[in-house]
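Enquirer: Got a structure here, written out as structure tokens. Questions coming.
The values are calculated or read from the model by the stated rules, or taken from the named source; none is laboratory data. Everything quoted here is computed from the prediction, not taken from an experiment. Quick reminder, even Gly has a Cβ in these numbers, built from the backbone with ideal geometry, and neighbours come from all protein chains shown.
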Amino acid sequence: MRTSLIAVAAMMLATPAFAQDGSGNQPSAESESGDIVVSYIRQAYRGEFAPRETPQSVGEIDRAAIEDAGALRLPEALDLVASVSRQNNLGGFFDAFAVRGFAGDENFPSNYLVNGFNGGRGFGGVRDTAGIERIEVLRGPTAALYGRGEPGGSVNLITKQPEFGRLFGSVSAQIGSFDRYRGDIDANLPLGNSLSIRLIGYTEEAGSFRNRPDSDRRGFLPSVAVKLGADTTARYDLEWTQTRAPFDRGTIAPNGQFGFVSRRLFLGEPGDGRHVADVLGHQLQIEHRFSDAWSLLVGGSYRETSLEGFSSDPELVRSRQRLYQDGRSLSRQRRSRDYDAEHLVLRAELAGDVELAGMRHRILIGIDYDDYQNDQVFRRFRPPAVSGNPSAQAGYVFDILNPVYGRFPLPTPGPLTDRLDEQRAIGIYLQDQITLSDRFAVRFGGRYDNYNLQSLNRLNADADERDYERFSPQLGLVFTASQQLSLYAAYGEGFRPNLAADAAGNLFDPETSRSYEVGAKFGLLDDAIQGTLALFSMNKRNVLAADPLNPGFSTTIGAARSRGLEFDVTGRLPGNIDVILSYAYIDAEARAAVLDPNFGLQIRVGDPLINIPKHTLAAQIAKTVDIADTSLRLGVGVQHTGRRLGETATTFFLPSHTLVRAFAEWTISDNLEAFVTVNNLLNDTWYANSFATLFLQPGTPRDAALGLRIRF
């Protein structure tokens, strides 16, 4: 078993590297004397490109947009990008989303990036936005360059970074509906000209609109930046978070009957206590400039996560579910989880900007290493078949018409899953964008991956091992039609081994994909408004889904396709009105006729993929007005999510919903701000995601938060 200390020591062996300014990278700032007072580390895999030079659709959510939206969790922030849709989130204990219709394996969290490092794997709870400076949604075929992600795209979280030569910070406190209390601190502390520390922390206690136990969350996210020389900068980031909350599978809609029970009714047992999710992570990056043309970036990330606790969840198999007989007796399973994961990532990337044969070449050459260990111990009590007329206690029944918690002694779960899976991978990638003329540029690239997967089932001592290798090419073309308009086209292939096994212990073949995209990027009103219009099509094979008959295991649903259109606009309208508009049409469907892995039903070619709406719209508008010596910022947001499938291979669909959000921020002085957010202003009934008719996550009714922020 590795330790964090060993991992950090390994990262320290990396060669120094330097950051260049570029699209999506925050530049260094210079004081009047010419000394650098702020320094940022560039993002890996991105290169140095202006937005309209890139053959790729990139959605960006900056810190101001996150604060305007009142988004405290990653899913709430991603709601601002229409092509990202929420997925089944393991009772509220991991981030799960689909980009352009593809979500990955339902048994695992979505694999997002943190400062370019794979950071979403493991069971560490939902990501808080406290330490996030901005979010990049990197969509399309070129996302394959980053490796081990979904073909629809990758989400990259850029964390708040220390700044040299400037003391600043903020402290905030807020109270909200359902007994929510939260405090945040963010302080940048320069220590001389070459050292700066940024301290970020948060703590939150909250109830719920559902009658379940309270939850609490806390985190400490410090970072340190050091200038090791005129051309060398290093940064270390620590991530420590803990979430304690009840595991909540949500409400039920048997036979598609929404409102069958109150959305406030918790169907678990308070006696189960709360699940506990812990994260301890480290990142170290060093960058160095060799010349104006060449730079090198190296670093590493090591992250430990764990999740443990008990839960009482509805039984999904109809033959074991008494509710379908009498309409009131909900048969339940009782489950226990003890999950641990370790994730080590190392990388090095050389970037160049040179002229060869009279043409400009912007080159990326990189290598990364990924070692992920997933240790799962899962236990389960399951009710017997109702055909045997078992007692209410034997079926662990919860009477939804006369709910009484603690009615029966809590059953003791028995062993079901005890396995260790490990994935080791090395990737080598190359990208060259060649400027052929003032109007044309072409991008060639590719990634070679070599994987080793090992799986050990400790219940029966069965072990399996697989090795894979694959080259994934990419190609892009950019045509600059004018200063305000560019057109692009892109093609790419992807490859991702499936870190999962079926109930018999067999490993799955890797997931492969092909993606096509064409689009236009434009600027309006002297580039005050930036927009992208994209058309895409993706095909994927060896798609997996969770197997609820055997929790913790997966099974294949074969092939899938997603195609659609995206339209994104951000910027400032005349009158200093800030606007965000994002629309997506996504047609995601199965492309193979197979039996549903969950309930033995037939999946047909053309059946929609679960939790993917065809139409999604996100819009946010805000304006700041001066009032005497103060200023008031007012805004409203609208999110429309279309009808979408709620259970694979059935006709159960979640209804569409439209949510309205209002927000205001009053800047009382240079150092004091008051803010308020009201979500679901019209108090609509809505559903965030679904796995089955008895695993259905209800959305929060109208809620509000009021806060005060002191800046220094």
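Enquirer: Any idea which residue in segment 274-296 is nearest to Ala245 (Cα to Cα), counting only those that are of a type in the set (D, E, K, R) and not in a strand (DSSP E or B)?
Expert: Result: Arg274.
Enquirer: Are there any pairs with C-beta distances below 6 angstrom linking a residue in segment 391-411 that is farther than 23 Å from Ser262 by Cα to a residue that is at pLDDT 95 or above and in a loop (DSSP other than H, G, I, E, B), with the two at least 6 apart or on different chains, and if so which?
Expert: Note: pairs meeting the criteria are Gln393/Phe408; Pro411/Tyr396.
Enquirer: If the requirement is being within 30 Å of Gln474 (Cα to Cα) and of a type in the set (Val, Ile, Thr), which of these qualifies: Ile400, Ile367?
Expert: Numbers: Ile400 fails: within 30 Å of Gln474 (Cα to Cα).
Of the residues listed, the single one that is within 30 Å of Gln474 (Cα to Cα) and of a type in the set (Val, Ile, Thr) is Ile367.
Enquirer: What residue, of Gly176, Gly192, is farther than 19 Å from Gly125 by Cα and surrounded by 15 or more Cβ atoms within 10 Å (Cβ to Cβ)? Don't jump to the end; show me each part of the working.
Expert: Details: Gly192 fails: surrounded by 15 or more Cβ atoms within 10 Å (Cβ to Cβ).
None of the others qualify; the one that does is Gly176.
Enquirer: Name every residue in segment 336-370 that is out of contact with any Pro (no Cβ under 6 Å at 6 or more places or on another chain), farther than 14 Å from Trp294 by Cα and crowded, with 18+ Cβ neighbours inside 10 Å, in order of residue number.
Expert: Hits for segment 336-370 are Arg337, Tyr339, Asp340, Ala341, Glu342, His343, Leu344, Val345, Leu346, Arg347, Asp368, Asp370.
Enquirer: Among the numbered criteria (1) more than 11 Å from the chain's Cα centre (by Cα); (2) among the hydrophobic types (A, V, I, L, M, F, W, C); (3) outside any strand (DSSP E or B), which single criterion is violated by Ala77?
Expert: (1)
Enquirer: Another question, then. Among the residues of segment 239-259, count how many are touching a residue at least 12 places away in the same chain (Cβ under 8 Å) and surrounded by fewer than 20 Cβ atoms within 10 Å (Cβ to Cβ).
Expert: Filtering segment 239-259 down to residues touching a residue at least 12 places away in the same chain (Cβ under 8 Å) leaves 239-256, 258-259.
Adding the requirement that they be surrounded by fewer than 20 Cβ atoms within 10 Å (Cβ to Cβ) leaves 240, 242, 244, 254-256, 258-259.
Adding up the residues that qualify gives 8.
Enquirer: Can you name the residue in segment 403-447 that is under 25 Å from Arg52 (Cβ atoms) and hydroxyl-bearing (Ser, Thr, Tyr) and is also surrounded by the most Cβ atoms within 10 Å (Cβ to Cβ) among such residues? Walk me through how you get there before you give the answer.
Expert: Within segment 403-447, the subset under 25 Å from Arg52 (Cβ atoms) is 429-447.
Next, from what is left, pick out any that are hydroxyl-bearing (Ser, Thr, Tyr): 429, 435, 437.
Values: Tyr429: 23, Thr435: 17, Ser437: 9.
Among them, the one singled out is Tyr429.
Enquirer: Inspect all residues belonging to segment 126-144 and state whether any of them is crowded, with 24+ Cβ neighbours inside 10 Å and without any contact (Cβ under 8 Å) to a residue 24 or more places away in the chain.
Expert: Checked segment 126-144: no residue is crowded, with 24+ Cβ neighbours inside 10 Å and without any contact (Cβ under 8 Å) to a residue 24 or more places away in the chain.
Enquirer: Continuing with the same structure: Please indicate, with yes or no, whether at least one residue in segment 103-117 is of a type outside the set (Gly, Ala, Ser) and at positive phi.
Expert: If we filter segment 103-117 for residues that are of a type outside the set (Gly, Ala, Ser), which is where we start, we get 105-109, 111-115, 117.
Among the residues that remain, those that are also at positive phi are: 115.
Among the residues of segment 103-117, at least one is of a type outside the set (Gly, Ala, Ser) and at positive phi, which makes the answer yes.
Enquirer: If the requirement is being of a type in the set (Gly, Ala, Ser), in contact with a Phe, Trp or Tyr (Cβ under 7 Å, 6 or more places away or on another chain) and either under 21 Å from Ala704 (Cα atoms) or surrounded by fewer than 23 Cβ atoms within 10 Å (Cβ to Cβ) (or both), which of these qualifies: Gly152, Gly229, Gly116, Gly201?
Expert: Working: Gly152 fails: either under 21 Å from Ala704 (Cα atoms) or surrounded by fewer than 23 Cβ atoms within 10 Å (Cβ to Cβ) (or both); Gly229 fails: in contact with a Phe, Trp or Tyr (Cβ under 7 Å, 6 or more places away or on another chain); Gly116 fails: either under 21 Å from Ala704 (Cα atoms) or surrounded by fewer than 23 Cβ atoms within 10 Å (Cβ to Cβ) (or both).
Step by step, each of Gly152, Gly229, Gly116, Gly201 is checked, and only Gly201 is of a type in the set (Gly, Ala, Ser), in contact with a Phe, Trp or Tyr (Cβ under 7 Å, 6 or more places away or on another chain) and either under 21 Å from Ala704 (Cα atoms) or surrounded by fewer than 23 Cβ atoms within 10 Å (Cβ to Cβ) (or both).
Enquirer: On to the next question. Suppose we keep only residues that are basic (Lys, Arg) and part of a strand (DSSP E or B) within segment 632-650. Which one would you say is surrounded by the most Cβ atoms within 10 Å (Cβ to Cβ)?
Expert: From segment 632-650, those basic (Lys, Arg) are 633, 643-644; that's our starting set.
Narrowing further to those that are part of a strand (DSSP E or B): 633, 644.
Working: Arg633: 19, Arg644: 25.
Checked segment 632-650; the qualifying residue surrounded by the most Cβ atoms within 10 Å (Cβ to Cβ) is Arg644.
Enquirer: Shifting gears a bit: Suppose we filter Thr651, Thr641 for residues that are touching a helix residue (DSSP H, G or I) at 6+ places or on another chain (Cβ under 8 Å) and closer than 30 Å to Val317 by Cβ; which single one remains?
Expert: Values: Thr641 fails: touching a helix residue (DSSP H, G or I) at 6+ places or on another chain (Cβ under 8 Å).
Of Thr651, Thr641, the one residue that is touching a helix residue (DSSP H, G or I) at 6+ places or on another chain (Cβ under 8 Å) and closer than 30 Å to Val317 by Cβ is Thr651.
Enquirer: Which ones in segment 456-496 are among the polar types (S, T, N, Q) and within 26 Å of the chain's Cα centre (by Cα)? First the steps, then the outcome.
Expert: So the first thing to find is which residues in segment 456-496 are among the polar types (S, T, N, Q), and the list is 457, 460, 472, 474, 480, 482-484, 486.
Correct list: Ser472, Gln474.
Enquirer: If you check every pair at least six apart or on different chains, which have Cβ atoms under 6 Å apart with a residue in segment 447-464 that is within 30 Å of Tyr491 (Cβ to Cβ) first and a residue that is among the acidic types (Asp, Glu) and at pLDDT 90 or above second?
Expert: Going by the 6 Å Cβ cut-off, the qualifying pairs are Asn450/Glu469; Asn452/Asp467.
Enquirer: Taking the conditions exactly as written (over 26 Å from the mean Cα position of the chain (by Cα) and surrounded by fewer than 18 Cβ atoms within 10 Å (Cβ to Cβ)), does Arg711 satisfy them or not?
Expert: Numbers: over 26 Å from the mean Cα position of the chain (by Cα): yes; surrounded by fewer than 18 Cβ atoms within 10 Å (Cβ to Cβ): yes.
It is true that Arg711 is over 26 Å from the mean Cα position of the chain (by Cα) and surrounded by fewer than 18 Cβ atoms within 10 Å (Cβ to Cβ).
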